[in-house]
Amino acid sequence: MLFGFAFAVIGGFLLTAVRAWTGLSTPSGASLALIAGLWIAGRVLAPISWQGAAAADAAFALALAWGIGKPLVASGNRRNWFFIVLVLALGAAGLLFEIIPRTGLTLGLDLVLFVIAVMAGRVVPSFTNNAIGGAGARRSRALEYAALISILLILGLDALQLPVAAVALVAALLHAVRLALWSPWATRRRPILWILHVSYAWVVVHLALRGLGELGIVAPQLATHALTVGAIGGLTLGMMTRTARGHTARPLKVGAWEIAAYVLVQVAALVRVFMPVVLPDGYAVTVVVSAALWGAAFAIFTVAYYPILTRARLDGQPG
């Protein structure tokens, strides 16, 4: 379910990003409704028929690939064509999940991790520098390539079912240095920025736990929770608040409700990842508490942003 959620969120980010990259219109309202409907169908059918869910998810991947691919190809934006392949690969991982759940989930989350790493590298440093004068967030070309290649290596090793511990630990170090170059401390007074930095830090935790988990030092599933609850959950919430405000012509500043949601999703990740280590006998309680906190964070977003997203832009422009 969470893999499907991550896939949908990434699709939304890509549709928004494609419009910015190309200057061309993305799918019409009816087409977007169809894409969303296919995703919903996959979730509804999942407990009823895995074949039906698989078919709906495959159709969703194809429709999303077409939705982002058409404007990218039309604009000649070859730099971003690989996102079309990534969407189709995510769709293939979803199909594999229906047949071989563990392998499909692992490869799917590796692909989601790669998309997160690419997108974060493109937007987080620029967002930081644009909002905070003198922040000094920077990127090293060599480090960027090394960090992204490390994730692709993990993906390849997982596909071949080979050990990933050494690569994962090196990747954790690379992504930690990468994040440090983005000047996370400079964002401490800007919640709409620090949520992105803190959430990306869970990528580092995920990679470290993958390595330690394979070595038998910690439970392997903790790495999955660091990625899904912490990185995916936190970055999703941070980007949704930012894009919702930006695309409705509102200031890129957040208040008490958003900060509460940001804190709740981070605490949910802390509970889900680290409490099983501290209280191994309280696993069931840990799951419930973490789920309640995570759900509360997104419930706050829904209540607070429904009026924003269902009203006209403040500047009267379409969108």
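The values are calculated or read from the model by the stated rules, or taken from the named source; none is laboratory data. Treat the numbers as computed from the prediction; the structure is a model and nothing was measured. Virtual Cβ from ideal backbone geometry, glycine too; neighbours counted across all protein chains shown. The accessibility values were calculated without ligands, DNA or RNA, using every heavy atom of the protein model including side chains. Shrake-Rupley method; radii C 1.70, N 1.55, O 1.52, S 1.80 Å.
Points 7 angstrom from Cα along the Cβ direction at Trp50 and Ala244: gap in nanometres?
Inter-label distance under the simple model: 3.5 nm.
Once you have the Cα-Cα distance between Arg43 and Trp66, take 0.36 nm times their residue separation minus that, and quote the gain in nm to one decimal.
That works out to 6.2 nm of additional length.
Rounded to the nearest whole Å², what accessible area per residue is found for the chain with the 1.4 Å probe?
About 47 Å² of surface per residue is accessible.
Based on the alpha-carbon gyration tensor of the chain and its eigenvalue square roots a ≥ b ≥ c, which shape applies: rounded if a/c is under 1.5, prolate if not and a/b is larger than b/c, or oblate?
The shape class here is rounded.
Under 10 Å from the Cβ of Ile192, count the other residues' Cβ atoms, weight Lys and Arg +1, Asp and Glu -1, and hand me the total.
Every neighbour counted, the sum reads +3.
For a bin width of 5 Å, list the pair-distance distribution of the stretch 184-319 built from all Cα-Cα distances, rounded to whole %.
2, 11, 18, 20, 16, 13, 9, 5, 3, 2, 1, 0
Take the alpha carbon atoms of the stretch 113-178, find their center, do the same for the stretch 250-289, and report the distance between the two centers in whole angstrom.
With the stretch 113-178 and the stretch 250-289 each reduced to a Cα centre, they are spaced 24 Å.
Can you compute 3J(HN,Hα) from phi for each residue in the stretch 124-131, using the Karplus curve 6.51 cos²θ - 1.76 cosθ + 1.60 with θ = phi - 60°, rounded to whole Hz and x for Gly and Pro?
5, x, 5, 4, 5, 5, 5, 8
Express the relative contact order of the chain as a whole percentage, based on alpha carbon pairs under 8 Å and six or more residues apart in sequence.
So the answer I get is 11 percent.
May I ask you to work out the translational diffusion coefficient for the stretch 126-256 at 20 °C, viscosity 1.002 mPa s, via Stokes-Einstein with Rh from the Kirkwood sum over Cα pairs, reported in whole µm²/s?
135
Restricting to DSSP H runs of at least four residues, report the calculated mean residue ellipticity at 222 nm for the chain, -39500 (n - 2.57) per run over all residues, nearest 500 deg cm²/dmol.
Value at 222 nm, helices only: -26000 deg cm²/dmol.
Sorting Thr241, Thr302 by accessible area (1.4 Å probe), largest first, what list results?
Ranked list, largest accessible area first: Thr302, Thr241.
I'd like the accessible area for Lys253, computed on protein heavy atoms only with a 1.4 Å probe and all protein chains in place. Round to 10 Å², please.
Ignoring ligands and nucleic acids, Lys253 comes out at about 150 Å².
Looking only at Trp294, Trp257, Trp202, which one moves most when the chain is put into a Gaussian network model with springs between Cα atoms under 10 Å?
Its mean-square fluctuation being the largest, the pick is Trp257.
How much solvent-accessible surface does Leu88 expose, in Å² to the nearest 10, with a 1.4 Å probe and all protein chains in place?
80
Report the relative contact order of the stretch 94-168, percent, no decimals, based on alpha-carbon pairs under 8 angstrom and at least 6 residues apart.
29 percent.
Ignoring ligands, DNA and RNA, what percent of the accessible area of the stretch 192-319 is carbon or sulfur (1.4 Å)?
72
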